[in-house]
Amino acid sequence: MALRLGPCSPSSSAAFSCSSLDQETLPARTSVTTWSCQRGKNGAKFELKASNVHPPGAVSLQNEAIWTHSLTANPVKTQEKESPLAFTESRKEESSLSIVVVGASGDLARNKIFPALFALFYEDRLPENFTIFGYARSTMTHDDLRKSISKNLTCRIDRRENCNEKMDQFLRRCFYHSGQYSSEEHFLELDKILKEKEAGRRSNRLYYLATPPNMFVDTVRCARRRASSLNGWTRVIVEKPFGRDLESSRGLTRSLRQYMSEDEIFRIDHHLGEELFENLLALRFSNLVFEPLWSRNYIRNVQLIFSEDLGTEGQGRYFDDYGIMRDILQNHLIHLLALFAMETPVSLDAEDIRNEKVKVLRSIKPLCLQDVVVGQYKGCSEGNASYPAYTDDPTVSKDSLTPTFAAATLFINNAQWDGVPFMMIAGKALQSKRAEIRVQFRHVPGNLYNRNFGTDLDKATNELVIRVQPDEAIYLKINNKVPGLGKRLDCSDLNLLFKTRYPSEGPDAYERLLLDAAKGERRLFIRSDELDAAWAVFTPLLKELEQKKVQPELYPYGSPGPVGVHYLAARHNIRCVDFGY
């Protein structure tokens, strides 16, 4: 049948509009589709895409509500409810999401994973057809699992009255299957049960490995061979640690890649899901006032601080095998450093951001002993209270040399950051709980107010602080004149305190990362070459510490840390007050 076109006139909303169309020749609703070709190792892969469908993880600025704020301290009203997790399958082929928490009987699953999944369900962020399965070696029934995890489920947002109802609905979606992590037969049984719950829908499966590291490869092998999706995607979230050094990390990656592609492996460090990471990108790339200053020309030093006021209670066995340097510096702080120091990416796409991070990590000089101070907390008494030493833990050797505190100074060998010290500080059993980045700027050249500060020019130094704990905030230290007839100067803060400006409680880090993994958003997960580059910085130092049996400096439980950190800071012209203790 011939298509008859009437006279057409220009239109602001389309390339052309027609006043007369043969209605029989066109369907009731049209959409434009295109074929896209992606070439991988296995040849070309073609995908049909619709023009009116957003790709996974896409952000549409046109659909976001734009709020106008006055320059006051009034709280910002955030959008209470967003659309649930979207899948790109057509409505004709309904999909389901099966989340399998492997190691469901452990503390991590009970205290973090299941509560985060409930929070996503509570906020309507999970798809309509989802099922959660706990898988572990312990013998339990479905009701046993539900009773166990219900103790940790909370409705953290109290503006709703249907909390108990939502909790019951969530628990009815939770099931349990007992099996060995290395048994393909047991995973085949799991697959049969999953298919029953999926009820013929297109199945997407997400495995969270909350297991000991030595079970990662066996679990992935069994899941791939016996319990992977045949008509959707299968992804696996691997909880840190990712090896103990560069060699073991590469070995783990090679083993996992026998069964999963890189795009199917999501290496998770929950600290990377904290609001600090998202805020750092927004602060850098959406504020003209900061971006020109982000270089060696204006920044004197950067400190990345992660301190905890508790010891290793309950984690002694794990911690004694890895220590603070592997647990925090190599896994968390160095990725925060990479985000801070990277150049502007091409886009906010995950691969563009991770490409820039890798460039920074590969430019960092490997650490040596003279760049580092290590410490270990000892017991102390304060009034009627007594605090244990690290080696008092029954799961820790009495002669353990594992550091519970580490400070390291790193340098980036590129044109943007040459000569700028980046100081990482992390420790347990310190006097405060703190997680922040402190950026100290250089002195003002030819400062007219030097006489007002005397010889202590650091009092006149501007400082930018991006803080996650104890109270999330971004503040800038500036100099201003004290009101009055004199010329006395004072250092004040321009402070954005999030709990005042944004009173609604934000999501937990695990919530963000679980949702991102389900959507296929990889921006906050660690790519294999990122992991290699980070381990390359720390592996020589870790081997040197172990070979020379370096004695950590002892510091009292609840103190600011080892005295040696002050000398390390002074060597690089960083004042101890900058640590924020």
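The values are calculated or read from the model by the stated rules, or taken from the named source; none is laboratory data. Please read these numbers as outputs of a predicted model, since none were measured by experiment. Positions of Cβ are backbone-derived with ideal geometry, glycine not excepted, and every protein chain shown enters the neighbour counts. Surface accessibility is based on the protein's heavy atoms, side chains included, excluding ligands, DNA and RNA. Shrake-Rupley method; radii C 1.70, N 1.55, O 1.52, S 1.80 Å.
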Residue match in the stretch 175-185 (condition: part of a strand (DSSP E or B), of a type outside the set (A, V, I, L, M, F, W, C) and closer than 25 Å to LEU515 by Cβ): yes
Failed condition for ILE237, given (1) buried (at least 20 other Cβ atoms within 10 Å of the Cβ); (2) in a helix (DSSP H, G or I); (3) among the β-branched types (Val, Ile, Thr): (2)
Failed condition for GLY383, given (1) open to solvent by less than 30 Å² (accessible area, probe 1.4 Å); (2) farther than 22 Å from ARG244 by Cα; (3) over 28 Å from the mean Cα position of the chain (by Cα): (1)
Every residue from the stretch 207-228 that is more than 27 Å from ILE324 (Cβ to Cβ) and either touching a residue at least 40 places away in the same chain (Cβ under 8 Å) or part of a helix (DSSP H, G or I) (or both): TYR207, ASP218, THR219, VAL220, ARG221, CYS222, ALA223, ARG224, ARG225, ARG226, ALA227
Unmet requirement for LEU145, which otherwise passes all of (1) of a type outside the set (Ser, Thr, Tyr); (2) over 26 Å from the mean Cα position of the chain (by Cα); (3) surrounded by fewer than 22 Cβ atoms within 10 Å (Cβ to Cβ): (3)
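Can you tell me which of VAL374, VAL346, VAL358 is β-branched (Val, Ile, Thr) and open to solvent by 80 Å² or more (accessible area, probe 1.4 Å)? Full working, then the answer.
On the way: VAL374 fails: open to solvent by 80 Å² or more (accessible area, probe 1.4 Å); VAL358 fails: open to solvent by 80 Å² or more (accessible area, probe 1.4 Å).
Going through VAL374, VAL346, VAL358 in turn, the sole match is VAL346.
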Cβ pairs under 6 Å, 6+ apart, first in the stretch 367-388 and in a strand (DSSP E or B), second of a type in the set (Gly, Ala, Ser) and open to solvent by 30 Å² or more (accessible area, probe 1.4 Å): TYR387/GLY379
Some residue of the stretch 570-577 being open to solvent by 30 Å² or more (accessible area, probe 1.4 Å) and among the aliphatic types (A, V, I, L, M): yes
Filtered residue count, the stretch 162-174, keeping only those that are buried (at least 16 other Cβ atoms within 10 Å of the Cβ) and in a helix (DSSP H, G or I): 4
Failed criterion for ALA435 (all others in (1) in contact with a strand residue (DSSP E or B) (Cβ under 9 Å, 6 or more places away or on another chain); (2) open to solvent by 20 Å² or more (accessible area, probe 1.4 Å) hold): (2)
